[in-house]
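This report concerns only the one structure given below.
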Amino acid sequence: MSSPQQIAQTFSQALNLSGSPSHAVSTSPTQSYLAQYMQNNKKPTKALKPFSTGDIKILLLENVNQTAIDIFSNQGYQVEFYKSSLPEDELIEKIKDVHAIGIRSKTKLTANVLKHARNLVVIGCFCIGTNQVDLEAAAKSGIAVFNSPFSNSRSVAELVIAEIITLARQLGDRSIELHTGTWNKVSSKCWEIRGKTLGIIGYGHIGAQLSVLAEAMGMNVIYYDIIMIMSLGNSKQVSTLDDLLSQADFVSCHVPATPETKNLLSAPQFAAMKDGSYVINASRGTVVDIPALIQAMKAGKIAGAAIDVYPHEPAKNGENLFSNELNSWASELCSLRNVILSPHIGGSTEEAQSAIGVEVGSALTKYINEGSSTGAVNFPEVALRALDLDQQNTVRVLYIHQNVPGVLKTVNNILSNHNIEKQFTDSRGDVAYLMADISDVDIIDIKSLYEQLEQTPYKIATRLLY
């Protein structure tokens, strides 16, 4: 009869766990076998290359993760990499010739910058937020924008949990005091978080993750969102923001930067909160009215705050950059007790940045190589199945145009002399995007198609892949 150790070893080997690195994502046996079966039975696909374009050039700023660099390099793209953002004049010069640019939160791609990007087809935001890009200007120039809506959710949620405990125990102040030689062992106004109520504003990917973690630590969770969302666990959605503020001991913000969320928490909202409650903002710097928060803390209404994002943030790392010159209230905020200030590090973990690099890098590669815009935040989402390896003499037409009547008739008249194997089109606002696979064409046909499509009156951009 086998020993318990032998049984455990056999089971571990069957699941292929013993040889896995500690950070690997575990899968069930069924998932593993299914993935292997699909891989073994997957038809080889044809790699496409652009017509009328030289080598694909990628500009990566703000220390985008190595996983993205590896993805682009393996595709044979030319990659130019910088650890920081660039001043606008230098950015304008660099962006003139690149086909794709990857940024994080500090680089501002305004309409003025984008008008100089004569070859740019795609932008990758290696983060959740996209407010640093003029999305409308990009779309009207035929530039798709992708982000990473999922990959750093866990990292942000874990940071917020740490901040909840740190605020409840005044741990930040005790640490600063002991660093300066002061021994101050106190329990007054220090609390367990078990049984306390966490109010989450914005129940998206991060808010939902935070909800699960907080409940696991014994907290009661309520949340407010502008749409009805099914709760996870025992959390409950409340109908108004005031309902949340009046019940929560801790309020955590997880909303995008929009005109509607600017100063979402300001003097009236702080007044509506429970006495001695706490505020956490790891979303966007415009969401909390920080001067109003300072006054609420000085009045004793708010017992503590954790701020990870700010209206104006330094463009690079360095000493003496977070100052009154950047935000007029900086020194006053820094002088308050039980305030945790962090430099926009919610998603700054090795795991999150690696996953973001893969997620956004893969999306950009798929758009460049295949034209698939699935997941774009400013653009019609269009995709066709990949071409099989045996589909020779086939070209994929990618045609971005103004969303006006008559364009499809004009385009299909151009394509009608050839066999259209498959075609898909969609629109979003003023921009429409058509994909079509045309078979039985040679290089002369491809050149003719390109020239005719380029001459159409409502064309924004044309790309042909073959």
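The values are calculated or read from the model by the stated rules, or taken from the named source; none is laboratory data. Please read all numbers here as calculations on a predicted model, not as lab measurements. Positions of Cβ are generated from backbone atoms using ideal geometry, with glycine treated the same way; all protein chains shown enter the neighbour counts. SASA here: full protein model, heavy atoms, side chains in, ligands and nucleic acids out. Shrake-Rupley method; radii C 1.70, N 1.55, O 1.52, S 1.80 Å.
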Next item on the list: Scan (1) in contact with a strand residue (DSSP E or B) (Cβ under 6 Å, 6 or more places away or on another chain); (2) more than 30 Å from Lys459 (Cβ to Cβ) for the single condition Ile128 breaks and write down its number.
Entry: (1)
Notebook entry, point to check: Among the residues of segment 245-252, is any under 25 Å from Arg169 (Cα atoms), open to solvent by 10 Å² or more (accessible area, probe 1.4 Å) and in contact with a Lys or Arg (Cβ under 6 Å, 6 or more places away or on another chain)?
Noted result: yes
Note to self: I need the full set of residues from segment 140-164 which are within 20 Å of Val98 (Cβ to Cβ) and hydrophobic (A, V, I, L, M, F, W, C), in order please.
What the structure shows: Ile143, Ala144, Val145, Phe146
Check: Out of segment 432-466, which residues are free of Cβ contacts under 8 Å to residues at least 40 places away in the same chain, under 21 Å from Ala386 (Cα atoms) and in contact with a strand residue (DSSP E or B) (Cβ under 8 Å, 6 or more places away or on another chain)?
Finding: none
Next item on the list: Pull up segment 74-86, narrow it to residues that are surrounded by 13 or more Cβ atoms within 10 Å (Cβ to Cβ) and out of contact with any Lys or Arg (no Cβ under 9 Å at 6 or more places or on another chain), then point me to the one that is modelled with the highest pLDDT.
Entry: Phe81
Next item on the list: For segment 322-339, state whether one or more residues are touching a residue at least 60 places away in the same chain (Cβ under 8 Å) and touching a helix residue (DSSP H, G or I) at 6+ places or on another chain (Cβ under 6 Å).
Entry: yes
Next item on the list: Mind listing just one residue for me: the one in segment 375-425 that is assigned to a loop (DSSP other than H, G, I, E, B) and of a type in the set (Val, Ile, Thr) and, of those, surrounded by the most Cβ atoms within 10 Å (Cβ to Cβ)?
Entry: Val382
Check: Where in segment 160-248 are the helices (runs of 4 or more DSSP H), entirely inside, with at least 2 residues that are in contact with a Gly (Cβ under 8 Å, 6 or more places away or on another chain)?
Finding: 205-216, 241-247
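Considering Ile193, Ile226, which residue is under 23 Å from the mean Cα position of the chain (by Cα) and either of a type in the set (A, V, I, L, M) or open to solvent by less than 20 Å² (accessible area, probe 1.4 Å) (or both)?
Ile226
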Next item on the list: Just give me the residues in segment 256-276 being within 30 Å of Phe150 (Cβ to Cβ) and surrounded by 23 or more Cβ atoms within 10 Å (Cβ to Cβ), in sequence order.
Entry: Leu265
Note to self: Consider segment 346-374. How many of its residues are hydrophobic (A, V, I, L, M, F, W, C) and open to solvent by 50 Å² or more (accessible area, probe 1.4 Å)?
What the structure shows: 1
Check: Does Ala208 fit the bill of being buried (at least 21 other Cβ atoms within 10 Å of the Cβ) and farther than 18 Å from Ile128 by Cα?
Finding: no
Next item on the list: Would you tally the residues in segment 300-328 being over 18 Å from Ile280 (Cα atoms) and not charged (D, E, K, R)?
Entry: 12
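Conditions tested, residue by residue: (1) in contact with a Cys (Cβ under 7 Å, 6 or more places away or on another chain); (2) among the hydrophobic types (A, V, I, L, M, F, W, C).
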residue: Leu232; (1), (2): no, yes
residue: Ser235; (1), (2): no, no
residue: Leu241; (1), (2): no, yes
residue: Asp249; (1), (2): no, no
residue: Ser283; (1), (2): yes, no
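Taking segment 87-100 as the search range and keeping residues that are among the hydrophobic types (A, V, I, L, M, F, W, C) and crowded, with 18+ Cβ neighbours inside 10 Å, which one is nearest to Lys115 (Cα to Cα)?
Out of the qualifying residues, it is Ile95.
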Check: Based on what the data block shows, is Gly19 in a loop (DSSP other than H, G, I, E, B), of a type outside the set (Asp, Glu), at pLDDT 55 or above and open to solvent by 50 Å² or more (accessible area, probe 1.4 Å)?
Finding: no
Notebook entry, point to check: Considering segment 259-308 alone, what residues qualify as being outside any strand (DSSP E or B), in contact with a strand residue (DSSP E or B) (Cβ under 9 Å, 6 or more places away or on another chain) and among the small types (Gly, Ala, Ser)?
Noted result: Ser266, Gly276, Ala282, Ser283, Gly285, Ala292, Ala296
